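These notes concern the structure reproduced below.
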Amino acid sequence: MDVFYLTHLFMPLYEYIAEFPDTDKCCRICKKGFELRRPVDRDPLVSCPLCRNPVSKVISQVNTPKIAKPFSVTDAKKAGFTVLEKRDEGVFEKQ
């Protein structure tokens, strides 16, 4: 697959906020912070697109899947996993 295609297909969402939000120079957008989709291979923004005030990238939450309950043995088998049962010290058998 082409590298150009991959970098433009997966564009992550980046968050930015004004470096000096207390100054009167920054606009209301960068003062509160904003999100922007950019290709991975592009350099991070250094200034707000509206007011040109310096901005910095914010490290935000990572979206991870949450599993409410652990898999049961039958769920694991249905998913294609091999379920092993401990028989002795260091000895496991297939269920």
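The values are calculated or read from the model by the stated rules, or taken from the named source; none is laboratory data. Keep in mind that this is a model prediction, so the values were computed, not measured. All Cβ positions, even for glycine, are placed from backbone atoms using ideal geometry, and neighbour counts span all protein chains on display.
Quick grid of which residues meet (1) modelled with pLDDT of 80 or more; (2) aromatic (Phe, Trp, Tyr); (3) under 22 Å from the mean Cα position of the chain (by Cα); (4) over 30 Å from residue 86 (Cβ atoms):
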residue	(1), (2), (3), (4)
2	no, no, no, yes
6	no, no, yes, yes
10	no, yes, yes, yes
14	yes, yes, yes, yes
23	no, no, no, yes
40	no, no, yes, yes
51	yes, no, no, yes
66	no, no, yes, no
70	no, no, no, no
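Criterion first (of a type in the set (A, V, I, L, M) and surrounded by fewer than 13 Cβ atoms within 10 Å (Cβ to Cβ)) does residue 29 satisfy it? So residue 29 fails the test.
Cβ-Cβ contacts under 6 Å between residues 6 or more apart (or on different chains), taken from a first residue in segment 39-53 that is without any contact (Cβ under 8 Å) to a residue 40 or more places away in the chain and under 16 Å from residue 13 (Cα atoms) to a second residue that is assigned to a loop (DSSP other than H, G, I, E, B) and not polar (S, T, N, Q), are listed as 39/11.
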